[in-house]
Every structure is written in C-alpha cells, then in structure tokens.
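A short worksheet on the structure shown next.
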Amino acid sequence: FQVGVHGIRIEFINEKGSKRTATYLPEVAKEQGWDHIQTIDSLLRKGGYKAPITNEFRKTIKLTRY
C-alpha cells in the first residue's frame, strides 16, 4: 500500500485467539507522518492487540488496501 494514497484494513488473531480488525482511511498515516510499519503497528493497537509486536507476528496479518 502507499501511505497517503490507500486506506488499509487489517485482520489478525489477537493474543487471546479472537479475530480482530482495524481500518485507517488513506489520509491518517500521511497526516501522522508514519511509514508502513508504524501504520500497521498503530492499527494493531487500535484493534486491541496488547502483546509485543514482532516481525513474525506482522507476517500473519491479512492486509487489504482500498
């Protein structure tokens, strides 16, 4: 996805085994000055993920751009 161009929606399984989702509109990451990883990490927190975020966990996320 391109920061500032695409909105993104992520789906992930939280530390308790529940499926969670979170969405940002295209302008959010650009306004905050975030790169891809910062945007995804922020979305994970927005979606309620409380455990440490690792590269391995990021690879399990399903990301949809729009």
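The values are calculated or read from the model by the stated rules, or taken from the named source; none is laboratory data. Predicted, not measured: the structure shown is a model, and the values here were computed from it. Don't worry about glycine lacking a Cβ; one is built from the backbone with ideal geometry, like all the others, and counts go over all protein chains shown. Only protein heavy atoms, including side chains, enter the accessible area calculation; ligands, DNA and RNA are left aside. Shrake-Rupley method; radii C 1.70, N 1.55, O 1.52, S 1.80 Å.
The residues of the chain present an accessible area of 65 Å² per residue when probed at 1.4 Å with all protein chains retained.
Simple spin-label estimate for VAL5 and THR21 gives 2.5 nm between the two label positions (7 Å along the Cα-to-Cβ direction from each Cα).
Peptides 14-20, 43-49, 26-32 ranked from most to least packed give 43-49, 26-32, 14-20, packing being the mean of other C-beta atoms within 10 angstrom over each peptide's residues. Dividing the mean sequence gap of close Cα pairs (under 8 Å, 6+ apart) by how many residues the chain holds gives a relative contact order of 44 percent.
May I ask you to give the percent of accessible area on the chain that is carbon plus sulfur, with a probe radius of 1.4 Å?
Details: 2170 of 4290 Å².
The C+S portion of the solvent-accessible surface of the chain is 51 percent.
Helical runs assigned H by DSSP (4 residues or longer) give the chain a calculated mean residue ellipticity at 222 nm of -8500 deg cm²/dmol, each run adding -39500 (n - 2.57) before division by the residue total. Whole-percent P(r), the chain, all Cα pairs, 5 Å bins from 0: 4, 19, 33, 24, 14, 5, 1.
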